[in-house]
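Trainee: First the structure, then my questions, so here it is.
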Amino acid sequence: MESLSKKIKETRKKKKLTLERLAKAVGSSKSYMWQVENAHKNNPSFDIVVKIAKVFGVPLDYFANPHDTQLSTDDKNNYFLSRFNELDDDSKELIENLIEHLIKINKKNIDQR
């Protein structure tokens, strides 16, 4: 279980989530999540692992290989989309406009090459 714990902790840090925020998102206490991350909790429930995967925006099988800590492009996109969906409509519109602007700049740079 130590490798699963390590992967949860490393992924949480990569996603810049606090332990408190992760605990709140999965409906758990901060102390319980600390126990999970530090391998003091031998068997986190399947339900908790499913919720953690959802918060991280990764498929459940991401935890199947505890040594693979790289997120695939799809996993990164799913995470971005899940975070985007947490925003209010004005923030979403701002992000959409920013993306459109960056695409135009990128196309212009490619055309100039």
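The values are calculated or read from the model by the stated rules, or taken from the named source; none is laboratory data. These numbers were taken from a predicted model, which means no experiment stands behind them. Positions of Cβ are backbone-derived with ideal geometry, glycine not excepted, and every protein chain shown enters the neighbour counts.
Trainee: For the range 11-24, which residues satisfy the criterion of being over 15 Å from residue 49 (Cβ atoms) and more than 10 Å from the chain's Cα centre (by Cα)? Lay out the reasoning, then the answer.
Mentor: Of the range 11-24, the ones over 15 Å from residue 49 (Cβ atoms) are 13-21, 24.
Within the range 11-24, 18, 19, 20, 21, 24 qualify.
Trainee: Evaluate the following for residue 110: is it at pLDDT below 90, more than 15 Å from the chain's Cα centre (by Cα), outside the structural domain of residue 10 (by TED's automatic domain parsing) and of a type outside the set (Phe, Trp, Tyr)?
Mentor: Values: at pLDDT below 90: yes; more than 15 Å from the chain's Cα centre (by Cα): yes; outside the structural domain of residue 10 (by TED's automatic domain parsing): yes; of a type outside the set (Phe, Trp, Tyr): yes.
Judged against the criteria, residue 110 is a match.
Trainee: Inspect all residues belonging to the range 53-64 and state whether any of them is touching a helix residue (DSSP H, G or I) at 6+ places or on another chain (Cβ under 6 Å), in a helix (DSSP H, G or I), of a type in the set (A, V, I, L, M) and under 14 Å from residue 9 (Cβ atoms).
Mentor: Within the range 53-64, one or more residues are touching a helix residue (DSSP H, G or I) at 6+ places or on another chain (Cβ under 6 Å), in a helix (DSSP H, G or I), of a type in the set (A, V, I, L, M) and under 14 Å from residue 9 (Cβ atoms).
Trainee: Just name the residue that is farthest from residue 63 (Cα to Cα) out of those in the range 8-41 that are in a loop (DSSP other than H, G, I, E, B) and polar (S, T, N, Q). Spell out how you get there, then give the answer.
Mentor: To start, the set of residues in the range 8-41 that are in a loop (DSSP other than H, G, I, E, B) comprises 15-18, 27-29, 38-41.
Filter again for polar (S, T, N, Q), leaving 18, 28-29, 38.
Values: 18: 19, 28: 19, 29: 21, 38: 16 Å.
The residue in question is 29.
Trainee: Looking only at the range 72-113, which residues are among the hydrophobic types (A, V, I, L, M, F, W, C) and closer than 28 Å to residue 58 by Cβ?
Mentor: First, the residues of the range 72-113 that are among the hydrophobic types (A, V, I, L, M, F, W, C): 80-81, 84, 87, 94-95, 98-99, 102-103, 105, 110.
Passing the criteria: 80, 81, 84, 87, 94, 95, 98, 99, 102, 103.
Trainee: Every residue in the range 76-107 that is under 19 Å from the mean Cα position of the chain (by Cα) and basic (Lys, Arg), please.
Mentor: Residues satisfying the conditions are 76, 83, 92.
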